Amino acid sequence: MHYNLLIKMTDYKQIIRRNSSIRFGKPCVRETRIAVYDVLGWLAAGMTFDEILYDYPELVQTDILACLAFAADK
């Protein structure tokens, strides 16, 4: 992982958003219906970044890192 990518994650709020009409206002990745808690659950279950990105092509690595940054900030 590149250091520059990690620096950009200090502002995960550009990626993680809440919308009351999507997933009951849970924090989601951009305008998708993929909740932060979904991504964290997949990681906790042992999925790799590559497996998540393969299963959910609408995501990119930065989205997963933003979910981790969001969780770390809470």
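Read the figures in this text as sums done on the coordinates, not as results from a lab. All of these numbers come straight from a predicted model, not from anything done at the bench. Positions of Cβ are backbone-derived with ideal geometry, glycine not excepted, and every protein chain shown enters the neighbour counts.
The table that follows gives values for the structure above.
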| quantity | calculated |
| --- | --- |
| Among 37-44, 51-58, the order from most to least packed when residues are scored by Cβ within 10 Å on average | 37-44, 51-58 |
| Cβ-based net charge around Ala45, under 13 Å, with every Lys or Arg adding one and every Asp or Glu removing one | -3 |
